[in-house]
Every structure is written in C-alpha cells, then in structure tokens.
Amino acid sequence: MRGTVLHAPFDIRFEERPDPRIEQATDAVIRTVATCVCGSDLWNYRGINPVTEPRPIGHEYVGIVEEVGAEVASLRAGQFVVGGFAYSDNTCANCRYGVQSACMHGGFMGTCQAELIRIPLADGTLVALPEQPDAGLVPSLLTLSDVMGTGWYAAVAAEVRAGSTVAVVGDGAVGLCGVLAAKELGAERIIAMSRHDARQKLALDFGATDIVTERGDEGVARIKELTDGVGADSVLECVGTAESMTQARQSTRVGGTVGFVGVPHGIQIGGDELFRTHVGLRGGPAPVRRFLPDLIGRVLDGHIEPGKVFDLTLPLDRVAEGYAAMDERRAIKALLLP
Ligand SMILES: [Zn+2]
C-alpha cells in the first residue's frame, strides 16, 4: 500500500509502505475512506517537534473494516467505522471515567494518512455505523476522529452549559468546531476570535454571535467590553501557544473556566494568578471516543455538519499540497481521499 511519510521538515512524501497486518489478536485493519491533515501535524511538518528520521504520519480516519484479529468481538469485515486519534480499550479505570485518551493500555494513532491502517484495541477504539453512510456525510464523520471531538471536549472541559457566554480562542478547525459545540451545548453568546474572513463566516454559520479581531491586551479588552466588563464564563483555548493561553485566561471571568485543547508549546501558568482569579483550567488530548456515539448520531440525523471545516479536497497522493496549503494558512483543513 501507499502511505504518507514525513522525511524532514517540509519534506512530506506519499510512498510505498509495507501493508499493515494484524499484529495482536485485538487489532483490526481498515481500508481508509477518508483522512486529513491536522493543525497538530504542522508542529511536526514545520520541525518545531524535531524530525530525526522518516516517520509515517496522520491520526484522523474513517474507513471500512478489512480484517479483524481473533479476539475482536464487535466488528466484522465490511463495516464503516469511525475512531478517534487515540486508541483505547474502553474498559480500564481511566476509560470508564471518560478519559479514553489516557487509556492505561492505549496510545496514539500515527500512520493514518495511508491507504490501510492498523487499529490497535479495535473493539474499544472503533465505532461501527449501522449501515454505509451517504458519501456527503463522510467529511463530517471524519471530523469526529479529532477536530469535532476535540472542539466538543474543549466546550465540555470549559463547562459550557445552557445560557453560557463563551469565547473561543483560535480559528482553526478545532476552534470552529468548538463554536459549533458551544452552540449545541446551549451557549447563548459565543464570541469567536478571528481576523480571517472565511473563518469568521464559518464561525457565524456554526453559531458565533460576535467576532473579535483584536488580539493580546486589545482582544481581552474587547471581550471585557462585550461582557459588561466581566469576561466570558467559559473560554475554549484551541491553539496551544503561550500567547493564546494568556489570551484565554485573561478573557475568562472570575470563577470561570478555560477548556484547553491546543497542544501546549511554552505555556507557563502562575499559581498566584490562578489563586487570585478563581479560574478553573481543564484540558488535554480530547477523549473523543467518549463523544463518538453521541456525535455520530448528530451527524447522521443532519443536526450538525462539522465537515464544512474542509475547504480543500485532494486525492491522498497529493497530501504534500495539503500540508503546504495549511502551513501557509491558504486552507483551514485539507480532506484527503484515497
Ligand atoms: Zn482504557
């Protein structure tokens, strides 16, 4: 089969790779129906996370089960499946507590921009759809593998509830999905921070009520102004830089909560500030497996269409163009079809 390999910063290639096979009795192998490039892949692509040797890449996928190991009980060949970017048994203490992305026996996917994917702990990781979905639903189902599940977790972690005032820091696919999640969870006011025209439009389409284009101190001041000087009840931090986390914390009202899902790079938080502001922080790699059944239902019945975050569709063998477009912010998110 062919798969994507990152050779060095900015050197991404689609090339011949060994076919994945069943290695453990709990594995499945799926044939990829769709995959995509994630904002977090760019940390590797840009060499911010050092690339010391060629390595496969990609962690978002939907596919058709090709083969299952002897101990896989809930899946059979031919089923359409969705799974998260983390694999998990869905039975250990952490999984049962709803943190499948910290499964005691799990780990993270990393070979998914390929024609075939080996899925460890397939029974716990994958959710099979009752029937083959319409092709038009595939992009939205694919977002559940990461960005929509992660945006959802940001909103849940930030304690968004009916009537909440929410601010979303970050206008990438996760931030936009965070807007959609906040809307679904009943937020009354959703302030999206973006200075990019197409992203602002999509944020409004997903339920944002206000757009703030300012950043830094001016951005904080603008959010305070929109909230009678108080700040937002819930802030979704969807970037992961020191600047975006500062923006998020300072935009949160006293006693409010930040949900942070951007992979942290260089973030330091002072105990004194946390003590003084009563701001709650919860974040981490999203346990998207926890939300899959609910979110699959919302996509299948047409209630949400998070697949709108894809504004570039490419055949998988042109994956390098997808990386370049996202790196240069010409695309929000690139959909890749084998
Ligand atoms: Zn587990």
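No lab work stands behind these numbers, since they all come straight from the coordinates. None of these values were measured; they are calculated from a predicted model. Every residue, glycine among them, receives a Cβ derived from its backbone with ideal geometry; neighbour counts consider all protein chains shown.
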Lysines within cross-link reach of Lys308: Cα-Cα under 23 Å, excluding same-chain residues under 8 positions apart?
Lys183, Lys201, Lys333
Report, by chain and number, residues whose modeled amide H sits under 5 Å from the one on Ala158, excluding near sequence neighbours (fewer than 5 apart, same chain).
Gly259
Candidate cut points under chymotrypsin sites (Phe, Trp or Tyr not before Pro) in segment 249-315, DSSP loop plus at most 13 other Cβ atoms within 10 Å of their own Cβ, are none
Per residue of segment 248-254, what does 6.51 cos²θ - 1.76 cosθ + 1.60 with θ = phi - 60° give for ³J(HN,Hα)? Whole Hz please, x for Gly and Pro, Karplus curve as stated.
5, 5, 6, 8, 8, 5, 4
So between Asn49 and Glu214, what do we pick up on full extension, going 0.36 nm a residue minus the alpha carbon distance?
56.5 nm
Please give the peptides 108-116, 11-19, 164-172 ranked by average Cβ packing (other Cβ atoms within 10 Å per residue), highest first, as a rough proxy for protection.
164-172, 108-116, 11-19
Under a Gaussian network model of the chain whose springs join Cα atoms within less than 10 Å, the largest fluctuation of Tyr153, Tyr97, Tyr61 belongs to Tyr97
Restricting to the chain, compute how many DSSP beta bridges are antiparallel as a %, nearest 5.
55 percent
When Lys and Arg each count +1 and Asp and Glu each count -1, what net charge do the other residues less than 11 Å away from Val254, Cβ to Cβ, add up to?
+1
Taking Cα pairs under 8 Å and at least six residues apart, what relative contact order does the chain come out at, in percent?
18 percent
